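This report refers to the structure that appears directly beneath it.
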Amino acid sequence: MSQVTLKVGDLFEIPLRDGRRAYGQYLHWGKLGYLIRVFDAISTEEMRVELLKTASQLFPPVYVGLRPAIRSGRWRLIGNIPVQGFVHPVFRSTNGLEPGTYHDWHIWDGDTEVFVGELQPEHLELEFECSWGTDLLEQRIMTGEDWHRRLL
């Protein structure tokens, strides 16, 4: 394993188990590590970096263990596009681990965490405050399944 230096804006290819390739970008280093976005650009062939400049996101940005995925060769660096106008996304969190109703929800904007108790309708589409493992993130990309939604 070689030392890897990651820079904000780095683009990477994510090989999926079904033979397709997904693409992501490193956006920000934060309290949970590497914040990335995954592009809505999944292909059976290599994609040119220029095409990713206009691609939309598959889902809101998430934290992931990016360095181990790159260092091991599981994911591959393919270029860099500057990140402009970055605004940290808002996340939600609870101590609950099983589906059900919880009254301990927090909302975090990257700087401040606020206790809200009950989730409001505008909070339902927020990502969970966590760091995704590569296997689960790859599964989410392939299937569209978001296991965090099961808590609701």
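The values are calculated or read from the model by the stated rules, or taken from the named source; none is laboratory data. Given the structure is predicted, the values throughout are model-derived calculations rather than measurements. A quick note on method: Cβ atoms are made from the backbone with ideal geometry, for glycine too, and the neighbour counts reach across all protein chains shown. For the accessible areas, the whole protein counts, side chains as well, though only heavy atoms, and no ligand, DNA or RNA atoms are used. Shrake-Rupley method; radii C 1.70, N 1.55, O 1.52, S 1.80 Å.
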**Prompt:** Quick one: what pairs do we get from segment 52-74, first residue under 21 Å from Leu126 (Cβ atoms) and assigned to a loop (DSSP other than H, G, I, E, B), second open to solvent by 20 Å² or more (accessible area, probe 1.4 Å) and acidic (Asp, Glu), C-beta under 6 Å, 6+ apart or different chains?
**Reply:** Ser56/Asp40; Leu58/Asp40
**Complete:** Checking Glu45, Glu13 in turn, the sole residue that is touching a Gly at 6+ places or on another chain (Cβ under 9 Å), under 19 Å from Ile141 (Cα atoms) and acidic (Asp, Glu) turns out to be Glu13
**Asked** Only one residue in Ser56, Ser93 is within 16 Å of Ser131 (Cβ to Cβ) and among the hydroxyl-bearing types (Ser, Thr, Tyr). Which one?
**Response** Ser93
**Selection count, segment 95-135, where residues are part of a loop (DSSP other than H, G, I, E, B), at pLDDT 90 or above, closer than 30 Å to Ile14 by Cα and open to solvent by less than 90 Å² (accessible area, probe 1.4 Å)** = 6
**Request:** Determine which member of the set Leu35, Leu27, Leu6, Leu11 is assigned to a strand (DSSP E or B) and touching a helix residue (DSSP H, G or I) at 6+ places or on another chain (Cβ under 7 Å).
**Result:** Leu11
**Complete:** The correct count of residues that are under 14 Å from the mean Cα position of the chain (by Cα) and either open to solvent by 30 Å² or more (accessible area, probe 1.4 Å) or farther than 19 Å from Val64 by Cα (or both) in segment 14-30 is 2
**Item:** Subset of segment 53-71 [touching a helix residue (DSSP H, G or I) at 6+ places or on another chain (Cβ under 9 Å) and surrounded by fewer than 20 Cβ atoms within 10 Å (Cβ to Cβ)]
**Value:** Leu58, Phe59, Gly65, Pro68
**Request:** Give the residues of segment 82-94 that are of a type in the set (A, V, I, L, M) and exposed (fewer than 14 other Cβ atoms within 10 Å of the Cβ), sorted by residue number.
**Result:** Val87
